[in-house]
Each structure stands twice: as structure tokens, then as C-alpha cells.
Amino acid sequence: MLTFNGTDLPCPEGLTLAQLLDEQGLEADTIATAVNGAFVPRALRATTVLQPNDTVLTFQAIVGG
């Protein structure tokens, strides 16, 4: 199991962050992501393999200067 935005979900072996976002029906280009409190850039989501007990959070990306 892993925790995704406060909800426990199965964590099959080899599950990537990109796959999880797709399975949850999220538009990956409109959100930012963090795994265990560490920001994960969009470019690394496909290679970020999730582990049991990971905590994944999504939040609205903030753009500005």
C-alpha cells in the first residue's frame, strides 16, 4: 500500500509516479508532485518507482516570479 493524497492505494511492484497519476485520471501537466515530502519534477515521474509505504501528494503548481 501507498498513500496518495490521504487515501491508501495498492502499490504493485514497478509502479511509477507517472502511471499512478494516469490511473487516478489526473492531468499531469497541471499539477506538481511530491513523494515522501520531496518534490518530483515532471521529467522524473516516469522513472520514479514507488515503494510500499510511500506518501504521494499532488498540488496545484504555482507559477510566478
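The values are calculated or read from the model by the stated rules, or taken from the named source; none is laboratory data. Predicted model only: the values in this text are computed from it and were never measured. Glycine gets a Cβ as well: all are built from the backbone with ideal geometry, and neighbour counts include every protein chain shown. We work out accessible area using only protein heavy atoms, side chains counted, and drop any ligands, DNA or RNA first. Shrake-Rupley method; radii C 1.70, N 1.55, O 1.52, S 1.80 Å.
Data for the structure
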| read-out | value |
| --- | --- |
| Contacts under 7 angstrom Cβ, first residue in the stretch 1-25 being of a type in the set (Lys, Arg), partner open to solvent by 40 Å² or more (accessible area, probe 1.4 Å), 6 or more apart | none |
| Filter pass, Ala34 being of a type in the set (Gly, Ala, Ser), under 10 Å from the mean Cα position of the chain (by Cα) and loosely packed, with under 15 Cβ neighbours inside 10 Å | yes |
| Any hit, the stretch 7-28, residues being open to solvent by less than 60 Å² (accessible area, probe 1.4 Å), of a type outside the set (D, E, K, R), modelled with pLDDT under 95 and not in a loop (DSSP other than H, G, I, E, B) | yes |
